[in-house]
Amino acid sequence: MNTLYADIIVDISHEKLDRTFQYRVPESLRGRLEPGACVMIPFGNGNRLIKGYVVALGETCQFAPEKIKDIAGMPEKETGVEDKMIALAAWIRRNYGCTMIQALKTVLPAKQSVKKLEHRQLVRLMNREEILSLLGECERKKQVAKARLLKALSEQETIPYEWITGKLGVSAATVNSIVKSGAAKLVSSESYRNPVKMQSVEAVRNTLSEEQQTIVTEVFADFDAGRRQTYLIHGITGSGKTEVYMRLIGEMIARGRQAIVLIPEIALTYQTLLRFYQRFGDRVSVMNSTLSPGEKYDQCERAKAGEIDVIIGPRSALFTPFPSLGLIVMDEEQENSYKSESTPKYHARETALEVAKLYGASVVLGSATPSLEAYYRAGKGEYRMFQLTRRLTGGELPTVYTVDLRQELQEGNRSIFSRKLQELMADRLNKGQQTILFLNRRGYAGFVSCRSCGEVMKCPHCDVSLSEHKGGRLICHYCGYTQPMPKLCPKCGSKYILGFKAGTQQIEEKLKELYPGVRTLRMDADTTRTKDSYEKILSSFANGEADVLIGTQMIVKGHDFPKVTLVGILAADLSLNASDYRAGERTFQLLTQAVGRAGRGALPGEAVIQTYQPDHYAITCAAAQDYENFYQEEILYRELSGYPPVAHMLAVQIYGKEEENAKQLALRLTDVVKSNMDFLSGKQKEQSNKKIQVLGPAPANISKINDIYRYVFYVKHAEYDVLVEVKDRLEETLRQWQPRQMSIQFDFDPVSVL
Ligand code: ADP
Ligand code: ZN
Ligand code: ZN
């Protein structure tokens, strides 16, 4: 048997992670070590035994074998915060595919060399009379600045340094001369940076509704009996979910435990934070991308030191090192932003469950339109589900009209605005009320459809839309199937079969032609390039500076606009025909949210959904705000086609500068999977008799970015663990092949079109 070597890190401060040391694995430890394992190793000249962590195992020795020492053994089981973070990194590495170093960099805060915040104060040493006599002297000598400071000192015993140099306008030299004279001294103290700057005002506490109270009671009945569970709260916006989260957190704090609140980045508004701050004051902090590295690091230090009980932030807040975490709340759990877009491509929902397991914490997921994953698990009894069925602060759901665009065309209307939408927009302009026009382009990848009958070109093997590519070919991004662009609709024979194109700019122009003088605001990738532009557009719309806001999915979140009484969805088909299996789910969520934007204020709202597929269940269910029926239809499709959450899917992306090389590597890797198939699925025979399925390779949806070609293939199987084995096998193969100028990424159960 070959000798096994381990790469070990001895210092887990972030910037030292890449420094590893190689040790030999003794026979006694063979088979017991995995990346992430904690070991004791002899270190330095004195061979002092210290703790280290295995980051990789292999059979190649990078140094002269006689210079390599043996691992001494494994320490007693430890459960410090540090060990938990390492265990978490090991879990991420195994389940999402990356190196141990990448996983550690994900979970550990970047260490900052920045010092703590310093506060300097001038503290009076002499008594008041002595100061006053010095003051008299200065006034006689016309030392104005010095006199100003002495006067202030005579009135208060300590003065913050910034105030002296700022407000008082006294120079550092003058302060020094006062210190020299023995009248006062400078004292410094340190503190962590606190990004939350708010005035504490205790807000009124609502008495919980019966539905809300049941959740709180049940969660703590479990918790106090030692049962840790995952809960799913299904309730529309305004049904009181946030109130329940805060109540649960309060109860956790009373039990000496801490809480992490995850929210999609874009939803973290001043208002959200204010609500938590009013309840928990300085015990709450935030973590998000606008914080400086020093501020981020300090929030972790504050959590460790017990200075805070609650942290609010996007998915990375999950790694806040609380000493005794009791609860993880994940609001709007269906949001795609919970999935990391870079390696390791972890999903915050699954990772939250793992964090909770390590800490013995409970998890609460909340959503108005739960992800298929969460609802499916709840249905199987893995999560406990609660429903909040009514809005607590009034606001009727809007009336929804679905317009069949095929019929509009037949009856001679070629405008992008249906007659119903035109009629309602004119009415709002007359009344001085606001309208939102929504273009749900998310996931949009250039599908082709018939304008007469609505038929969409789909892959015969994968049941997802084909995308139009240069040269007029249609292609499936899952399996690579391709066909020429048809000249006539295969269903009705019409020649109106075309690619679908629509942009926010074009809509704005048409709107201005139709209603000269209409005031518009546009929100899309182009108008939100700069940092504050997103907030700026929303607040100017809230201030009534425009009649119509036109935008992509960005506008369905964030502010409430009480004056908006009409929402128009211009082409529901855009997201419905995205070329991936989540198209229906995404459309249902976007439409439900968009429709819900109308009539949030005192006035009732209306919504118009324009579509070529008015009978599609994602559209009929969104119009009726009927989640349950949508779920039943959608889960059936996932079952029939073997898509998540019923089965699992691993995307393997290959990036390379040379197209041919990328394609060849992709092909060779699919061969590796295919030739190992019996072995891999054989191992799981008892659990499932389903075979591994390989789709592709195919050019990625965006097949080239910055001159890097992108190929992708998919592996499907009913069991997640089988796919983890496939990934392990591929990682091993890649270690042997060492492909040059190529990178490979793994994405389990992808949430976006790759
Ligand atoms: P969600 O998070 O589901 O959107 P919120 O918790 O924000 O719902 O509640 C919506 C509104 O109802 C808020 O203004 C909140 O203050 C109010 N609210 C929540 N719970 C109650 C309650 N038990 N009694 C009265 N008002 C409540
Ligand atoms: Zn047709
Ligand atoms: Zn296909």
If we keep only residues of segment 591-636 that are in contact with a Gly (Cβ under 7 Å, 6 or more places away or on another chain) and assigned to a helix (DSSP H, G or I), then the residue surrounded by the most Cβ atoms within 10 Å (Cβ to Cβ) is ALA618
All conditions in (1) over 30 Å from THR99 (Cβ atoms); (2) surrounded by fewer than 16 Cβ atoms within 10 Å (Cβ to Cβ); (3) in contact (Cβ under 8 Å) with a residue 60 or more places away in the chain are true of THR369 except (2)
Condition set surrounded by 15 or more Cβ atoms within 10 Å (Cβ to Cβ) and among the aromatic types (Phe, Trp, Tyr), scope segment 730-754, selection farthest from HIS648 (Cα to Cα): answer is PHE746
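This table checks each residue for (1) polar (S, T, N, Q); (2) touching a helix residue (DSSP H, G or I) at 6+ places or on another chain (Cβ under 6 Å).
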| position | (1), (2) |
| --- | --- |
| LEU498 | no, no |
| GLY503 | no, no |
| LYS510 | no, no |
| LEU514 | no, no |
| ARG519 | no, no |
| THR528 | yes, yes |
| ASP532 | no, no |
| LYS536 | no, no |
| SER540 | yes, no |
The correct count of residues that are in a loop (DSSP other than H, G, I, E, B) and either in contact (Cβ under 8 Å) with a residue 40 or more places away in the chain or within 16 Å of GLY605 (Cα to Cα) (or both) in segment 406-432 is 5
Next item on the list: Using the structure shown, decide if ILE86 is of a type in the set (Val, Ile, Thr), over 22 Å from TYR359 (Cα atoms) and out of contact with any helix residue (DSSP H, G or I) (no Cβ under 6 Å at 6 or more places or on another chain).
Entry: no
Exercise. Do the conditions hold for THR587, that is, is it at pLDDT 90 or above and under 30 Å from GLN632 (Cβ atoms)?
Worked result: yes
Residue pairs within 6 Å by beta carbon, gap of at least six or interchain, first lying in segment 290-315 and under 16 Å from LEU327 (Cβ atoms), second of a type in the set (A, V, I, L, M) and part of a strand (DSSP E or B), listed first then second, are VAL310/ALA259; VAL310/VAL284; ILE311/ILE260; ILE312/VAL261; ILE312/VAL286; GLY313/VAL286
Kindly indicate whether any position in segment 526-543 is at pLDDT below 90 and under 30 Å from HIS461 (Cβ atoms). no
Turns out the strands (runs of 3 or more DSSP E) fully within segment 691-754 with at least 1 residues that are of a type in the set (D, E, K, R), under 20 Å from ALA90 (Cβ atoms) and touching a Lys or Arg at 6+ places or on another chain (Cβ under 6 Å) are 742-748
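Just to be sure, is MET457 closer than 30 Å to THR670 by Cα, aliphatic (A, V, I, L, M), surrounded by fewer than 19 Cβ atoms within 10 Å (Cβ to Cβ) and away from ligand 1 (no atom under 16 Å from the Cβ)?
For MET457, the condition - closer than 30 Å to THR670 by Cα, aliphatic (A, V, I, L, M), surrounded by fewer than 19 Cβ atoms within 10 Å (Cβ to Cβ) and away from ligand 1 (no atom under 16 Å from the Cβ) - is not met.
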If I filter segment 240-247 for residues that are farther than 20 Å from LEU325 by Cβ, more than 16 Å from ligand 3 (Cβ to nearest atom) and of a type in the set (D, E, K, R), do I get at least one hit?
yes
Expected output for segment 490-502 (first residue on the phi > 0 side of the Ramachandran plot and free of Cβ contacts under 8 Å to residues at least 40 places away in the same chain, partner among the small types (Gly, Ala, Ser) and within 16 Å of ligand 1 (Cβ to nearest atom), Cβ below 9 Å, 6+ apart or cross-chain) is none
Filtering segment 251-289 for residues that are of a type in the set (S, T, N, Q) and in contact (Cβ under 8 Å) with a residue 60 or more places away in the chain leaves a count of 4
Within segment 242-261, restricting to residues that are more than 12 Å from ligand 1 (Cβ to nearest atom) and under 18 Å from MET287 (Cα atoms), the one that is surrounded by the fewest Cβ atoms within 10 Å (Cβ to Cβ) is GLN258
*Does TYR478 satisfy the criteria of being surrounded by 14 or more Cβ atoms within 10 Å (Cβ to Cβ), of a type outside the set (A, V, I, L, M, F, W, C) and farther than 24 Å from GLU408 by Cα?*
yes
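One line per residue, one yes/no per condition, for (1) assigned to a loop (DSSP other than H, G, I, E, B); (2) buried (at least 24 other Cβ atoms within 10 Å of the Cβ):
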residue: GLU535; (1), (2): no, no
residue: SER539; (1), (2): no, no
residue: PHE561; (1), (2): yes, no
residue: ASP580; (1), (2): yes, no
residue: PHE588; (1), (2): no, yes
(1) away from ligand 1 (no atom under 14 Å from the Cβ); (2) of a type outside the set (A, V, I, L, M); (3) in contact with a Pro (Cβ under 8 Å, 6 or more places away or on another chain); (4) under 25 Å from THR393 (Cα atoms) all hold for PRO264 apart from (1)
Per the filter on segment 377-405, residues in a helix (DSSP H, G or I) and surrounded by 19 or more Cβ atoms within 10 Å (Cβ to Cβ) are ARG377, ALA378, LEU405
Within segment 493-506, restricting to residues that are surrounded by 14 or more Cβ atoms within 10 Å (Cβ to Cβ) and aliphatic (A, V, I, L, M), the one that is nearest to ligand 2 (Cβ to nearest atom) is ILE497
Counted residues in segment 443-492 being among the acidic types (Asp, Glu), more than 16 Å from ligand 2 (Cβ to nearest atom) and either at pLDDT 90 or above or not in a strand (DSSP E or B) (or both) come to 1
Does GLY366 count as more than 16 Å from ligand 3 (Cβ to nearest atom), farther than 26 Å from VAL595 by Cα and not in a helix (DSSP H, G or I)? no
The condition of being within 53 Å of the chain's Cα centre (by Cα), over 26 Å from GLY294 (Cα atoms) and of a type in the set (D, E, K, R) holds, among ARG120, ARG124, ARG140, only for ARG124
Is it the case that some residue within segment 579-602 is farther than 21 Å from ARG441 by Cα and within 22 Å of the chain's Cα centre (by Cα)? no
Q. Does LYS345 fit the bill of being free of Cβ contacts under 8 Å to residues at least 12 places away in the same chain and charged (D, E, K, R)?
A. no
Expected single match for closer than 21 Å to ILE436 by Cα, at pLDDT 95 or above and among the hydrophobic types (A, V, I, L, M, F, W, C) among ILE635, ILE609 is ILE609
Expected single match for charged (D, E, K, R) and closer than 30 Å to TYR346 by Cβ among ARG120, ARG193 is ARG193
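The values are calculated or read from the model by the stated rules, or taken from the named source; none is laboratory data. Small disclaimer: the values here were computed from a predicted structure and weren't measured. Note: ideal-geometry Cβ built from the backbone for every residue, glycine included; neighbour counts use all protein chains shown.
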